[in-house]
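Read the figures in this text as sums done on the coordinates, not as results from a lab. All values derive from a computational prediction rather than experimental measurement. Quick reminder, even Gly has a Cβ in these numbers, built from the backbone with ideal geometry, and neighbours come from all protein chains shown.
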Protein chains: 2
Amino acid sequence: MRKDSRLSRMLHVLVHLHQLQKAITSDQLALMLHTNPVVVRRTMALLREQGYVSAVKGHGGGWTLAKPLHSITLLDIHRSLSEGTLFTIGLTDEHNHCPIEKAVNLAIDDVLQEAENLVLQRFGEVTLDKLAVGYSPKPV
Amino acid sequence: MRKDSRLSRMLHVLVHLHQLQKAITSDQLALMLHTNPVVVRRTMALLREQGYVSAVKGHGGGWTLAKPLHSITLLDIHRSLSEGTLFTIGLTDEHNHCPIEKAVNLAIDDVLQEAENLVLQRFGEVTLDKLAVGYSPKPV
DNA sequence: AACTTAAATAACATCATAAGTTACATAAAA
DNA sequence: TTTTATGTAACTTATGATGTTATTTAAGTT
């Protein structure tokens, strides 16, 4: 299956938006991400809907941060992007009442649920300013 | 994305193989799983290669367990089936040296790695006999 | 007002992979 | 020899992110 790289891409974009302090066009972002401006707009639109970025049309327009990085977590962006689940593993649902199928699915789901909770918790602990490396004029 | 339900399906099959104590054909399994005998053979072949089941051709043939359930873990079956990763989330690799991209990917990968380790550990703790519910003639 | 820039959006194609399907070969028992 | 059942190749389908083309809308520039 093709992986969903939108989280990685959008985090990358948000930190750059923060550092440049001016509007960036979808064309510029597309060059940076080695993709297409329409793909950029489509994905950025999900962040705009949640209030993390703003878009301005026309001359001098483009994308800017709408909130400071320290107020945004990985979890915020993850939730803005993904609707489905985190795992490639799925459970069968044969619509019967086989107790074995139920036991199997429960065993798998228990583990995946625990793992998903861990991921969400960890994502919630990371604010985006922690990713803004090499920005200070005098890096440590 | 379509989920990979092979783990769920195969665990279901293995427990039934244990309980029936005789060979089951791919056609019978396909009926049980609401699928196709070729799909069954294709997936069961991965378990056969790892020595968890045996297949016999011809009259009276079919699939049987090659090891007792208590000697097989969810992890064993998971590893027999999956080659790729567990998550739908992927990292970008734009082949540049952008420190932001690296920091972003590291942050995501740290979390996913921790979660994957958790899943593998939990899967390794569950032997398949624990899934064989409702089998005893006198269930508790 | 006309031109240029850039987002917004619709419509469609591509890609990867489990799943589904068809067809045929091979092996074993009746 | 016939039937049963696995083994396997080749192809199609389904799904969802990604990629692409084209058009519309909005805002600044000339």
Expected integer from the mean partner chain Cβ neighbour count at 10 Å over A:120-126 is 3
When the charge dipole of chain A is computed with +1 at the Cβ of Lys and Arg and -1 at the Cβ of Asp and Glu, the Cα pointing farthest to the positive end, of A:GLN19, A:HIS70, A:ILE100, is that of A:GLN19
Of every Cα-Cα pair in the range B:1-63, the percentage lying beyond 17 Å is 34 percent
For B:LYS3, counting only lysines whose alpha-carbon sits under 23 Å away and dropping same-chain residues fewer than eight positions off, the answer is A:LYS3, A:LYS102
With DSSP loop assignment and no more than 13 other C-beta atoms within 10 Å, the GluC sites (Glu not before Pro) in the range B:1-109 are B:GLU83
Excluding residues fewer than 8 positions from A:LYS22 in its own chain, the aspartates and glutamates with Cα under 18 Å of it are A:ASP129
Stokes-Einstein, Kirkwood over Cα pairs, the protein assembly as shown, 25 °C, 0.890 mPa s; D in µm²/s equals 114 µm²/s
Both in Å, the radius of gyration and Dmax of the C-alpha trace of the range B:6-131 are 18.8, 63
